[in-house]
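Bear in mind these aren't lab numbers, they're just calculated from the coordinates by the rules spelled out. None of these values were measured; they are calculated from a predicted model. In this analysis, Cβ positions are derived from the backbone assuming ideal geometry, glycine residues included, and neighbour counts consider all displayed protein chains.
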């Protein structure tokens, strides 16, 4: 089970030299995708307990189009291990607004985290 979100990264999201976006940007989007996955799997937003690993592999820049994937790695009684990946799928060519679709996505951020479904949460068919 997985969910994928796509979005444009505004130039106003860049905070650093080289038009770079901070790492917290990726983690916020992981939270959104993780919530979507939790609703899909359990019928509840769940509570995020934390990350066991985060890797910033390549830069995210203003003008990029990215996709964020949240994939269910394992499911316990109430805990859910989730693998996250943010990929750049389009990149600005210059500062004139020109951009290109990348032949191969660039993996920018990877993470693994744990979500917890409160006891009694979800729809009757998904309650644990």
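Considering only alpha-carbon pairs that sit under 8 angstrom and 6 or more positions apart, the relative contact order computed for region 2-116 is 31 percent. Taking packing as the residue-averaged number of other Cβ atoms within 10 angstrom, the listed peptides 73-86, 6-19, 91-104 run from highest to lowest as 73-86, 6-19, 91-104. In region 2-116, the convex hull through the Cα atoms has an average projected area of 7.1 nm², a quarter of its surface area. Label separation (residue 17 vs residue 32): 3.0 nm, computed from points 7 Å beyond Cα along the C-beta direction. Placing a pseudo-label 7 Å from each Cα along the Cα-to-Cβ vector at residue 75 and residue 112 gives an inter-label distance of 1.9 nm. Estimated from helical segments only, the mean residue ellipticity of the chain at 222 nm is -5500 deg cm²/dmol, where each DSSP H run of four or more residues counts as -39500 (n - 2.57). The distance between label points at residue 96 and residue 8 comes to 1.9 nm (points 7 Å beyond Cα on the Cα→Cβ vector).
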